[in-house]
Amino acid sequence: MSGLKALPLATIAALALGSAATLFSLQGGPGFGAVRLGAWTSWPQVGDSDIDPYARASLAVDGALPLGSREGVAFIATTDDEGAPLDARCDYRISGAAPAARFWTLGAYDVDGHLRPNLAHRHGLTSAALLRDSDGDFVVEAARGARPGNWLPLGEKSRFILILRAYQAKTSAIGDAYQGMSVPSIARGNCS
Amino acid sequence: MTETLSDSPRVAGTRRLSWSRVGREKQIDRAVRAIPWVLGALFGAVALHLLTILALPTLWPGAPYRALAAGLPLGKTAILPRPDPDSLGAAFPDPFAATALCRFDLSQGSARIRAQVDGAHPFSISVRLTDGTIIYSGNDRDAPSGRFNIRIVTQKQADAEDVSQTSGGDAAPAPGQSGAAEGELRLTSPNLRGFVVFRALASREEDYDAAGSALATAQCAMEKPSP
């Protein structure tokens, strides 16, 4: 292979491979060190100065302002408990024990990071405003149509994600687990 | 009938063998000559990948510092619009978090961050570099007497202050201890520029405006070093 012929080929290959590797590494969440709890995933290192370069790049491209470690912990769900992608054509029952935190919020988002438009103009729920049973447990119904009780409207677009933010969480990540942290389950109901 | 040497099947077979060997040698030779180019392409790909990963946080136009803070005048605290489906603030905003930002530039002196906690809304402060790295975060329960008083300095400014304190008769701070004044948290920033995020949380949607009011006490000021 002569130098003149090989140089453009090698350059194109380097550009294509390098760009593909960067695009691939920015998929699927911010970097390494994901902690999974049921359908929920968290990246505890994003809130500290020891954040890895891949997480930094991923957050920059997303345009997100992650919580600092003393602010709280954010958990993201893109699937239900069975691993099926969240789809607004279905109803979801989010229930169980609340995260151990001073305060928490739950919101539904488009995959590009926008809050989901809906006729009720309700974009999330908080631990302070939630209806609970006598044991303190709760059930949130996430659906397009209105529901009695704790209703989280899902809007029209089908794909969505949920973010649960536990502010001043009473836990810290130890390796790939959180000590004493519980998160609600996400069970799919009927689909239209 | 005489058989010529070239027509001999034995010789023709030898020649075919020889041609195929030459062809294989050419292929091997071509492959060997391509190895440096393949390695060069791989090296270039790895270098490009690493460079883009390292450069994206500061160069990406949608990165929080560039999109939200870079245009703010120094010393001004801006309250972000209430998050809704059409808002152009940060991605994945918490609809219950009223958020304010200010930016700092330590090239001329330190930055002073102050905030008064109202007690009714969970409140937090985080100090971030231009690439998004969070170098400090704290919540209202970390703030003595409900007041945040943070001074951000460079390592050089911190060293100069410590030397000045020592020469002024004060004992030098022990390693790892800051030479901060009483009630002040001195924070050493590895970079000159960054931004501060203030968050106040609303317990429900109708409480959002009150949470936003809690951000009114958030202040960022640039301080020149005393002569």
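The values are calculated or read from the model by the stated rules, or taken from the named source; none is laboratory data. Since the model is a prediction, treat every value here as computed from it, not as a measurement. Every residue, glycine among them, receives a Cβ derived from its backbone with ideal geometry; neighbour counts consider all protein chains shown.
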Scanning the stretch B:69-97 residue by residue, those surrounded by fewer than 18 Cβ atoms within 10 Å (Cβ to Cβ) and either aromatic (Phe, Trp, Tyr) or at the interface with chain A (Cβ under 7 Å from one of its Cβ atoms) (or both) turn out to be B:Asp84, B:Pro85
Out of A:Gly38, A:Gly28, A:Gly47, sole residue that is out of contact with any helix residue (DSSP H, G or I) (no Cβ under 6 Å at 6 or more places or on another chain), more than 10 Å from chain B (Cβ to nearest Cβ) and without any contact (Cβ under 8 Å) to a residue 60 or more places away in the chain: A:Gly28
Exactly one of B:Ala111, B:Ala202, B:Ala120, B:Ala115 is modelled with pLDDT of 90 or more, surrounded by 13 or more Cβ atoms within 10 Å (Cβ to Cβ) and more than 27 Å from the chain's Cα centre (by Cα), and that residue is B:Ala202
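Look through A:Val139, A:Val73, A:Val61, A:Val111 and report the one residue that is in a strand (DSSP E or B), in contact (Cβ under 8 Å) with a residue 12 or more places away in the chain and surrounded by fewer than 23 Cβ atoms within 10 Å (Cβ to Cβ).
From the options A:Val139, A:Val73, A:Val61, A:Val111, the qualifying one is A:Val139.
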Starting from residues that are polar (S, T, N, Q) and in contact with a helix residue (DSSP H, G or I) (Cβ under 9 Å, 6 or more places away or on another chain), keep the ones in the stretch B:19-66 and report whichever is surrounded by the fewest Cβ atoms within 10 Å (Cβ to Cβ). B:Thr58
When you look at A:Gly68, is it buried (at least 22 other Cβ atoms within 10 Å of the Cβ), among the small types (Gly, Ala, Ser), farther than 18 Å from A:Arg159 by Cβ and free of Cβ contacts under 8 Å to residues at least 40 places away in the same chain, yes or no? yes
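In the list A:Arg165, A:Arg122, A:Arg93, which residue meets the criterion of being within 18 Å of the chain's Cα centre (by Cα), within 14 Å of another protein chain (Cβ to nearest Cβ), of a type outside the set (A, V, I, L, M, F, W, C) and not in a helix (DSSP H, G or I)?
Residue meeting the stated conditions: A:Arg165.
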What single numbered condition from (1) of a type in the set (D, E, K, R); (2) in a loop (DSSP other than H, G, I, E, B); (3) more than 7 Å from chain A (Cβ to nearest Cβ) fails to hold for B:Arg66? (2)
Residue satisfying condition, being in a loop (DSSP other than H, G, I, E, B), of a type in the set (Phe, Trp, Tyr) and at pLDDT below 90, within set A:Phe32, A:Phe24: A:Phe32
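Residues of the stretch A:1-54 being more than 30 Å from A:Arg165 (Cβ to Cβ) and not small (Gly, Ala, Ser), which ones?
The answer is A:Met1, A:Leu4, A:Lys5, A:Leu7, A:Pro8, A:Leu9, A:Thr11, A:Ile12, A:Leu15, A:Leu17.
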